[in-house]
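Student: My structure is below; once you've seen it, I'll send some questions.
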Amino acid sequence: METMIGNVAAALQTGLPVLLLHFVTTLALLGLGIVCYMAITPFHEPTLMAKGNVAAGIVMAGTVVALAIPLAATLATSIVVLDILLWGLVALFLQIVTFAIASMVVRRLRAMIESGNIAAALMLVGIQIAVALLNAGAMAG
């Protein structure tokens, strides 16, 4: 029994720092992705949400999920931090490009989100999450 507890404690001592490093690195990438996304969007979600714009809240929540999905796949399949960083940056880039393309394809997206159009918000989130799932599948390869 003592050996089993000792083995568990040793594994925790070795594995926990690695787990925390990988997790914190991925959280930092998520934060970077959110900042980059907010920098390129034509609308300012926090301001719109403060005014009670539900569509902006839906878009922001969907964006966070869409950024996290491929990062989670990268985290699950990478062994070293450099792998997480490189593939995580690629994943974020692809998600940001997805938003840019959706913005170009969907006419008046900015006006629709700013006016609180929930249908437009859900359509954008659907696109972002669909691409995120494909992105994650490609990352998990």
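Student: Before we move on, is L75 crowded, with 20+ Cβ neighbours inside 10 Å, at pLDDT 95 or above and not basic (K, R)?
Tutor: no
Student: Identify, please: which residue in region 25-68 is closer than 17 Å to A121 by Cα and of a type in the set (S, T, N, Q) and is, among those, surrounded by the fewest Cβ atoms within 10 Å (Cβ to Cβ)?
Tutor: Per the criteria, the residue is T47.
Student: Surrounded by 17 or more Cβ atoms within 10 Å (Cβ to Cβ), among the small types (G, A, S), in contact (Cβ under 8 Å) with a residue 12 or more places away in the chain and more than 30 Å from L16 (Cα to Cα) - does that describe any residue in region 80-100?
Tutor: No, region 80-100 contains no residue that is surrounded by 17 or more Cβ atoms within 10 Å (Cβ to Cβ), among the small types (G, A, S), in contact (Cβ under 8 Å) with a residue 12 or more places away in the chain and more than 30 Å from L16 (Cα to Cα).
The values are calculated or read from the model by the stated rules, or taken from the named source; none is laboratory data. Predicted model only: the values in this text are computed from it and were never measured. Ideal geometry is used to build each Cβ from the backbone, glycine not excepted, and the neighbour counts take in all protein chains shown.
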